[in-house]
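Enquirer: So that we are looking at the same thing, I have put the structure below in structure tokens.
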Amino acid sequence: MPAVSEFRASEAATPRHDWTRSEVEALLDLPFPELLFRAAGVHRLNFDPAEVQVSTLLSVKTGGCPEDCAYCPQAQRYDTGVDAQKLMETEAVMEKARAAKAAGASRFCMGAAWRSPKDRDIPKVAAMIAGVKSLGLETCATLGMLTGSQAQALKDAGLDYYNHNIDTDPEHYGSIIRTRELQDRFDTLEHVRDAGLKTCCGGIVGMGETRRQRAGFLQTLATMPAHPDSVPINRLVQVEGTPLHGTAELDPFEFVRTIAVARILMPKSMVRLSAGREQMSDELQALCFSAGANSIFHGEKLLTTGNPDVAHDQALFDRLGLRAMQVTVDAEGHDHGGTVHADIVDQPGRCVA
Ligand code: SF4
């Protein structure tokens, strides 16, 4: 770990995959201004720091999930007031996608609250993907665990990105989820990479983990065979009825530290503020952008013209001198610009599987 005076942002700009937990802990332990300085340097070497990518999503199958993720209102075992809904029809999804495109979205993510899709579900989701792709939008999905052949079928249908989070540190994982192993997640991510899909993978902080465990979470992401193309860092949204409701709130500065270290460890990935952003002050969001976050998430509320959340975000961008990152999709469907995909967040009706 270079001393403060020895630090050069360029040293941290080349992606590494051999970070140790103690190195990551040392970064998290840095004096706050020093940590932000380093993260901002890495950010500038890889991105225009005035640009923030904006993603949008649609929950195509909500609630009724058999998994036990302790933060999630969509788990059927928790009484959270989320009504289970069946998989949407393709035309209904297309209608939402057209509206998203008209509202300026370049990427459309479809999320389903499944442990894993059944093979019979794949053609239906593939039809949605092909339909959304035909509109000239980038496509992304989060559907739970995938087999290799399922990942390939989705890729063949035109899927660009797949979201599958590790959620937390391996040490803490068993306190949060018991219905699937972390290795199951690694296996899905491998299938996704092997199919040639771009990966979106992150997790949630504020679930009662220690700083050391946050280091382990970030280290796990940064030592994958390939860094995720995008890294959603969610702040726990406490939903009544879930086991994590009532968890001690994470110090907001710890959240910013997590963002900053993610930026340093994965210099070329998009680092996304996802769930929990609605509960953040403008000042906290500004700190996160200064620490290297360069993507935010909008839910389908984006599709509502004049939505106050969208207007608020636009006003915040204006106040901070930020602008939405432009992404173009060429005739072959290749994306250009800083491309990432939207993930599904842990709010009612949302999954972070
Ligand atoms: S996070 Fe996803 S997999 Fe876990 S309970 Fe919620 S919907 Fe199911």
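The values are calculated or read from the model by the stated rules, or taken from the named source; none is laboratory data. Since this is a predicted model, take the numbers as computed values, not measurements. Cβ coordinates were reconstructed from backbone atoms using ideal geometry, including for glycine residues, and neighbour counts include every protein chain displayed.
For every residue, the table says whether it meets (1) in a loop (DSSP other than H, G, I, E, B); (2) of a type outside the set (A, V, I, L, M); (3) buried (at least 24 other Cβ atoms within 10 Å of the Cβ).
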position	(1), (2), (3)
PRO232	no, yes, yes
GLN238	yes, yes, no
PRO243	yes, yes, no
GLY246	yes, yes, no
LEU250	yes, no, no
GLU254	no, yes, no
THR258	no, yes, yes
LYS268	yes, yes, no
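Enquirer: Looking at this structure, is ALA112 within 13 Å of the ligand (Cβ to nearest atom), closer than 15 Å to ILE129 by Cβ and crowded, with 18+ Cβ neighbours inside 10 Å?
Expert: Spelling it out, ALA112 is indeed within 13 Å of the ligand (Cβ to nearest atom), closer than 15 Å to ILE129 by Cβ and crowded, with 18+ Cβ neighbours inside 10 Å.
Enquirer: Here's a follow-up. When you go through (1) within 16 Å of the chain's Cα centre (by Cα); (2) modelled with pLDDT of 95 or more; (3) within 15 Å of the ligand (Cβ to nearest atom) one by one for PHE217, which number turns out not to apply?
Expert: (3)
Enquirer: Further question on the same structure: Please enumerate the residues belonging to the range 115-129 that are away from the ligand (no atom under 14 Å from the Cβ) and surrounded by 14 or more Cβ atoms within 10 Å (Cβ to Cβ).
Expert: Within the range 115-129, ASP121, ILE122, LYS124, VAL125, ALA126, ALA127, MET128, ILE129 qualify.
Enquirer: Right, something else. Kindly evaluate GLN53 against the criterion of being under 27 Å from VAL237 (Cβ atoms), surrounded by 22 or more Cβ atoms within 10 Å (Cβ to Cβ), in contact (Cβ under 8 Å) with a residue 12 or more places away in the chain and within 14 Å of the ligand (Cβ to nearest atom).
Expert: no
Enquirer: Something else: Answer yes or no: is there a residue in the range 89-100 that is more than 26 Å from LEU265 (Cβ to Cβ) and within 16 Å of the ligand (Cβ to nearest atom).
Expert: Within the range 89-100, none of the residues are more than 26 Å from LEU265 (Cβ to Cβ) and within 16 Å of the ligand (Cβ to nearest atom).
Enquirer: Could I ask something else about it? If only one of THR179, THR168 is surrounded by fewer than 22 Cβ atoms within 10 Å (Cβ to Cβ) and within 16 Å of the ligand (Cβ to nearest atom), which one is it?
Expert: Only one candidate qualifies: THR179.
Residue-wise test of (1) modelled with pLDDT of 95 or more; (2) farther than 27 Å from GLU209 by Cβ; (3) within 16 Å of the ligand (Cβ to nearest atom).
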site: GLU25; (1), (2), (3): yes, no, no
site: PRO31; (1), (2), (3): yes, no, no
site: GLU34; (1), (2), (3): yes, no, no
site: ALA40; (1), (2), (3): yes, no, no
site: LEU57; (1), (2), (3): no, no, yes
site: THR62; (1), (2), (3): no, yes, yes
site: ALA70; (1), (2), (3): yes, no, yes
site: GLN76; (1), (2), (3): no, no, yes
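Enquirer: Mind listing just one residue for me: the one in the range 167-213 that is hydrophobic (A, V, I, L, M, F, W, C) and not in a helix (DSSP H, G or I) and, of those, farthest from the chain's Cα centre (by Cα)?
Expert: ALA195
Enquirer: In the range 272-297, which residues are out of contact with any helix residue (DSSP H, G or I) (no Cβ under 9 Å at 6 or more places or on another chain), buried (at least 21 other Cβ atoms within 10 Å of the Cβ) and not small (Gly, Ala, Ser)?
Expert: Result: ARG272, single match.
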